[in-house]
Every structure is written in structure tokens, then in C-alpha cells.
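These notes concern the structure reproduced below.
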Amino acid sequence: MIDETHAADRTSWIASANGHATFPIQNLPLGVFSPQGGAARGGIAIGESIFDIGAALEADLFSGAAREAAEAASGRTLNPLLEAGPAARQALRRRVGEILDAKGAGIAKIRAISRLVHDASGCVMQLPAAIGDFTDFFAGIHHAHTAGMINRPDNPLMPNYKYVPVAYHSRASSVRTGGGLVRRPNGQRKLPEQDAPDFGPCRNLDYELELGVWIGPGNELGSPIPIAEASRHIAGFCLLNDWSARDIQAWESQPLGPFLSKSLSTFVSPWIVTSEALAPFRMAQPPRPAGDPAPLPHLNDVADQARGCFGIDFQVLLLTPRMRAAGAAPHVLSRANASMLYWTAAQMVAHHTSNGCDLRPGDLFGSGTVSGTVPGSEGCLLEMTRGGRNPVSLPGGETRTYLMDGDEVIFRGTARRDGYASIGFGECRGTIGEALALG
Ligand code: MN
């Protein structure tokens with residue numbers, strides 16, 4: 001799985017890619033972008049530029065399997081490429097790596113092709129795929145534990161937690177690429193001292209730091225994906241902000257779980273960092289603490305336990321209107337790592353399909369909030385403030401329990417390993433907009 005595309009000494013003739021913290025030539029993430037005045041199309045991030053897959057096709061830079069993959073990746077959505085699976089993604093990755101390689105053949109001719117690369121700053125990023133379904137898991141065990149402590153201090157983790165990769169069906173229609181506003185939703189809220197709820201703007205608006213999982217090839221209804229094959233169905237990953245209206249959630253969720261408190265919107269980072277790009281950063285799933293049950297056999301695979309976890313570092317940053325006005329840098333609220341998840345992405349796929357449910361190319365999973373065990377590793381404000389009881393102090397003397405209008409939340413993610421070029425996800429940003437009209 002490690003090949004020439006991961007070589008740390010590979011450089012690109014696109015100078016901004018060399019030493020780029022996020023999009024060096026070793027990353028080559030897939031996305032859909034609109035250049036200024038142009039239609040949405042498939043592209044690959046390289047340094048501060050975007051490689052136009054369709055322009056490369058027109059210039060006849062592909063042949064064989066790479067050509068088929070490029071054709072599947074050149075349209076308004078990447079669903080056809082996601083459906084095609086790992087061999088197609090790898091063929092595209094290897095050929096685009098060659099085309100962009102500083103020591104590649106025919107560079108002078110390639111560089112002369114017009115519109116082959118676009119300045120990323122002049123492009124608008126789109127959702128990379130038409131998302132049929134979005135499922136949000138709850139695999140961050142430290143998040144589950146801390147959130148559970150707020151309501152059930154004696155029994156924070158439900159008895160199913162270490163057996164079932166718990167999830168709920170969330171809303172695909174309101175997923176957006178980050179960068180814009182998320183309007184404060186209205187909903188039914190009930191303060192503890194109120195006898196009955198009222199309807200109004202969410203008071204406890206929160207983010208959730210999650211690892212997003214993009215599904216590649218799907219499965220037929222009635223044909224579960226075995227755990228040993230599950231990784232073949234995972235095309236790649238992104239950062240995901242599961243915006244959460246905590247006061248609405250607390251009132252509406254019993255007994256069927258989150259609904260309007262989550263469907264208000266979900267933001268993703270626009271680039272799909274592929275399973276191939278992340279190959280060097282795979283690691284063993286950390287051993288379960290002594291006394292925890294082993295995963296049931298249909299969720300337990302030797303190879304998945306040995307390599308199904310990813311060493312991805314996450315950061316959550318906050319920029320308030322006052323900080324912005326003062327020219328201050330965003331403040332790092334927390335840091336966590338994807339290895340803190342209790343379930344692997346492959347276990348999520350196997351569990352999701354174990355009843356015969358079909359996944360389709362372009363389906364999206366959220367991992368659940370990623371949190372660690374120490375202060376400063378909480379993946380949402382609910383946890384960080386213990387349900388709003390302990391406000392967070394910010395530089396400049398401000399505090400927050402939950403998000404205020406104008407606050408901007410920024411997620412960053414980077415995969416690092418000695419001997420390899422670090423690769424990043426790009427940011428997932430979102431700013432809280434004023435409440436929707438009450439109507
Ligand atoms: Mn969530």
C-alpha cells in the first residue's frame with residue numbers, strides 16, 4: 001500500500017506544494033471546485049493550487065485505468081469515482097503524482113497546458129459528492145463518558161457502548177462545505193425551572209469535532225459487508241463539524257434521539273483525503289482497557305485491529321468577533337487525535353451493514369465527537385464547560401459557555417509520521433450567524 005506516491009523526497013513543479021503543511025504532492029486529496037466563472041468539476045489540491053482533472057483529460061494526459069478513473073472524477077460530483085473503488089483511486093493517484101512530479105517526464109509540455117492548474121484562492125469549493133445518507137456515530141468514548149457524566153454520574157456509559165458502535169441517522173440535505181455561516185436555529189427549549197417549553201433561538205449552540213468518513217463502493221440490500229472487507233468500502237476522510245443545539249437536543253431527544261438539534265446543518269472540510277494517502281499513517285487500534293469485552297466476532301478482524309486506526313492530530317480553534325476586531329489569532333481550544341476513537345471506521349461500516357442495510361457511494365459517516373481524557377482535549381463545548389457550568393476563558397478576558405453570534409469555529413487535522421511527509425485535511429470553518437426569523 002506504500003508506494004512511490006508517498007516518498008518523502010518527491011517534489012512537484014508546482015513550487016507552493018513543496019514543504020506545504022497540508023497539500024504536498026504526497027497528499028493529492030480529491031474534491032469538486034468551481035473556478036471563477038466556470039462550472040463545478042473534479043480537482044486535486046496541490047499546494048496553493050488545484051489540479052483540473054478534466055483539463056488533464058482534454059490534454060490526453062491519462063490512459064488505461066487512470067483514464068477511466070479521471071473520467072469518473074471530472075464531473076460535478078465524485079460519486080462515480082467513489083463507486084469505482086480503491087484500484088481506480090490508486091490508478092488516478094499514481095498518474096497525477098507522475099504528472100505533478102518535479103522530475104516527471106515532459107514537464108515543459110505539461111506546464112504549458114492552459115487551465116491545468118487553478119489558483120485555489122480564486123476557486124469556490126463544493127461538496128465533493130452527492131450525499132445520499134449521513135450517519136453520525138458516537139465512537140469517541142471519552143466524549144461519551146464525559147457527556148454521560150453530566151446526566152448520569154453513576155453510570156455514564158450505557159451498557160451497550162462497548163458492544164455496539166452506537167449511531168443515529170442524521171440529515172444529508174443540510175451538509176455543507178465549511179467557510180460560511182451557520183444560522184442560529186430556533187427550536188423548542190425548556191429551562192429546568194420552566195413547566196413547559198417555549199420556541200426561540202437556541203441558547204446552547206455547540207460544535208462537535210468529528211472525523212468524517214466518505215463511503216466508496218456500496219453494497220446490495222441484504223448483503224452485509226464483512227469486517228475483513230470493510231476498508232475497501234472507505235474512500236477517504238474529512239473533518240466534520242456536527243453543529244449541535246444542546247438545549248433543543250436535551251428536550252427533543254427522548255426517546256428517539258437527536259433530530260432538529262443536529263439537522264440544522266453539518267459542515268465538512270471540502271477535500272477527501274483518500275485512504276491511499278493515509279496509508280502511512282495507519283496504526284494499530286489502541287488495546288481496549290483491561291476488563292472491556294472484545295468486539296463481537298463480526299466486528300473483530302486481525303488486520304483491522306492491527307492497521308485500522310489513523311494517527312490524525314486535530315485542533316479546534318475559536319475566533320470571536322472581539323478577537324477578530326483586535327487582530328488576534330484564533331485561540332486553540334482543544335487538541336485530540338483520531339486514535340482516541342473506540343471503534344475503527346471499518347467497524348462502523350461492518351456494523352452499519354450487518355443487518356443488511358445498503359450503503360451507497362458518497363454516503364457520509366461522522367465518527368462522533370473526538371475527545372481525549374485530559375483538559376484541553378474536549379471535542380465540544382458541552383464537555384469542555386461540563387454542560388455550561390464551567391465557562392472557558394479566552395485571551396482578552398472573554399469567556400464562553402456556548403457559541404455566540406459571530407464566533408468562528410475552525411477545525412484542523414494533520415497526519416504525521418517520522419520518515420513521511422505530513423499531510424493535512426485543510427480547514428473546516430464555520431461562523432455563527434444571527435438567529436433565524438421567528439416567523
Ligand atoms: Mn455528533
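Taking the Cα centre of segment 289-359 as the origin, how large is its charge dipole in debye, to the nearest 20, when only Lys and Arg (+1) and Asp and Glu (-1) carry charge on their Cβ atoms?
It works out to roughly 520 debye.
Name the residues whose placed amide hydrogens come within less than 5 Å of the amide hydrogen of Asp407, ignoring near sequence neighbours (fewer than 5 apart) on the same chain.
Here the answer is Ile432, since their amide H atoms fall under 5 Å of that of Asp407.
Could you tally the net charge around Ala277, taking each other residue with its Cβ under 14 Å from the Cβ of Ala277, Lys/Arg +1 and Asp/Glu -1?
With Lys, Arg at +1 and Asp, Glu at -1, the neighbours total +4.
Going toward the positive end of the dipole of segment 304-439, with +1 on Lys and Arg Cβ and -1 on Asp and Glu Cβ, which of Ala437, Gly388, Thr414 do you reach last?
Of the options given, the answer is Thr414.
Using amide H atoms built in the peptide plane, which far-off residues or other-chain residues are under 5 Å from Leu333 H to H?
Hits under the 5 Å cutoff: Val316, Leu317, Leu318.
Using the Karplus equation 6.51 cos²θ - 1.76 cosθ + 1.60 (θ = phi - 60°), what ³J(HN,Hα) coupling, rounded to whole Hz, does each residue of segment 294-309 give in order, writing x for Gly and Pro?
5, x, 4, x, 6, 10, 10, 9, 4, 5, 5, 5, 7, 9, x, 9
What would the Debye formula give as log10 I(q)/I(0) at q = 0.12, 0.16, 0.20, 0.21 Å⁻¹ for the alpha-carbon point model of segment 212-368, no solvent?
Taking Cα atoms of segment 212-368 as identical point scatterers yields -0.65, -1.07, -1.37, -1.40.
Please give me the summed charge of the neighbours of Met384: other residues whose Cβ is under 15 Å from its Cβ, Lys and Arg +1, Asp and Glu -1.
-1
Say each of Ala326 and Asn155 gets a label point 7 Å from the Cα, pointing the same way as Cα to Cβ; how far apart are those two points in nm?
That separation, rounded to one decimal, is 4.6 nm.
Each residue of segment 165-172 in order: what ³J(HN,Hα) in whole Hz does its phi give by Karplus 6.51 cos²θ - 1.76 cosθ + 1.60, θ = phi - 60°, with x for Gly and Pro?
x, 4, 8, 9, 7, 9, 10, 7
Given points 7 Å out from each Cα along the Cα-Cβ axis, report the Ser63 to Ala108 separation in nanometres with one decimal.
It is 2.2 nm.
Considering only Cys380, Cys202, Cys357, give the residue with the highest GNM mean-square fluctuation for the chain, with springs between Cα atoms whenever their separation is below 10 Å.
Cys357
Sorted by mean Cβ packing within 10 Å, highest first, what order do the peptides 242-251, 53-62, 359-368 take?
Taking the mean over residues of other Cβ atoms within 10 Å, the ranking is 359-368, 242-251, 53-62.
Quote the FRET efficiency, to the nearest 0.05, computed for Glu229 versus Thr373 with a Förster distance R0 of 30 Å and r equal to the Cβ-Cβ distance.
Efficiency, rounded to the nearest 0.05: 0.35.
Quick one: angle between helix 141-151 and the longest Cα principal axis of the chain, in degrees between 0 and 90, rounded to 10, please.
20 degrees
Please report, in debye to the nearest 20, how large the charge dipole of segment 261-317 is about its Cα centre when each Lys and Arg carries +1 at its beta carbon and each Asp and Glu carries -1 there.
For segment 261-317, the charge dipole is close to 100 debye.
Excluding Cys428 itself, calculate the net charge of residues whose Cβ lies under 14 Å from the Cβ of Cys428, where each Lys or Arg counts +1 and each Asp or Glu counts -1.
-2
Considering amide H positions built from the backbone, and no H for Pro or chain starts, which residues 5 or more places from Ser49, or on another chain, come under 5 Å of its amide H?
Ala120
Report Glu68's accessible area, 1.4 Å probe, all protein chains in place, as a number in Å² to the nearest 10.
Spelled out: Glu68, probe radius 1.4 Å, area about 130 Å².
Measuring from label point to label point, each 7 Å out along Cα→Cβ, what is the Phe259 to Val124 span in nm?
Result: 3.4 nm between the two label points.
Could you do me a favour and compute the accessible area per residue for the chain, 1.4 Å probe, result in Å²?
Spelled out: the 1.4 Å probe surface of the chain, per residue, equals 42 Å².
Name the residue farthest towards the positive end of the dipole of the chain from the options Pro24, Pro128, Ala108, assuming +1 on Cβ of Lys and Arg, -1 on Cβ of Asp and Glu, about the Cα centre.
Positive-end residue among those listed: Ala108.
Report the gain in length on full extension from Ala21 to Ala435: 0.36 nm times residue separation, minus Cα-Cα distance, nm rounded to one decimal.
Using 0.36 nm per residue and subtracting the Cα-Cα distance, I get 145.4 nm.
In nm, what is the difference between 0.36 nm times the number of residues separating Ser393 and Arg288 and their Cα-Cα distance?
34.4 nm
For segment 134-177, which chymotrypsin sites (Phe, Trp or Tyr not before Pro) are in a loop by DSSP, counting at most 15 other Cβ atoms within 10 Å?
Those that pass, being in a loop and sparsely packed, are Tyr163.
Sorted from largest to smallest, which semi-axis lengths in Å does the alpha carbon gyration tensor of the chain give for its equivalent ellipsoid, taking the root of 5 times each eigenvalue?
They are 36, 26, 20 Å, listed from largest to smallest.
Kindly write out, for segment 366-372 in residue order, the coupling ³J(HN,Hα) from the Karplus curve 6.51 cos²θ - 1.76 cosθ + 1.60 (θ = phi - 60°), rounded to whole Hz, with x marking Gly and Pro.
These are the phi-based 3J(HN,Hα) values: x, 6, x, 4, 8, 9, x Hz.
Run the helix sum for the chain: -39,500 (n - 2.57) per DSSP H stretch of 4+ residues, divided by residue count, reported at 222 nm to the nearest 500 deg cm²/dmol.
-5000 deg cm²/dmol
If I model segment 153-230 as equal point scatterers sitting on the Cα atoms and use the Debye formula, what is log10 I(q)/I(0) at q = 0.11, 0.23, 0.25, 0.26 Å⁻¹?
Here log10 of I(q) over I(0) equals -0.61, -1.29, -1.33, -1.35.
Between Ala306 and Asp198, what FRET efficiency comes out of the Förster formula 1/(1 + (r/R0)^6) with R0 = 60 Å and r the beta carbon distance, rounded to 0.05?
For Asp198 and Ala306, the calculated efficiency is 0.70.
Among Gly257, Leu278, Ala228, pick out the residue whose Cα is farthest towards the positive end of the charge dipole of segment 224-309, where Lys and Arg carry +1 and Asp and Glu carry -1 on C-beta, about the Cα centre.
Leu278
How large is the dipole of the chain about the Cα centre if only Lys and Arg carry +1 and Asp and Glu carry -1, each at its Cβ, rounded to the nearest 20 debye?
Its charge dipole is roughly 500 debye.
The values are calculated or read from the model by the stated rules, or taken from the named source; none is laboratory data. These numbers come from a predicted model, not from an experiment. For neighbour counting, all protein chains shown are included, and Cβ atoms are generated from backbone atoms with ideal geometry for every residue, glycine included. Surface areas here come from the heavy atoms of the whole protein model, side chains and all, with no ligands, DNA or RNA. Shrake-Rupley method; radii C 1.70, N 1.55, O 1.52, S 1.80 Å.
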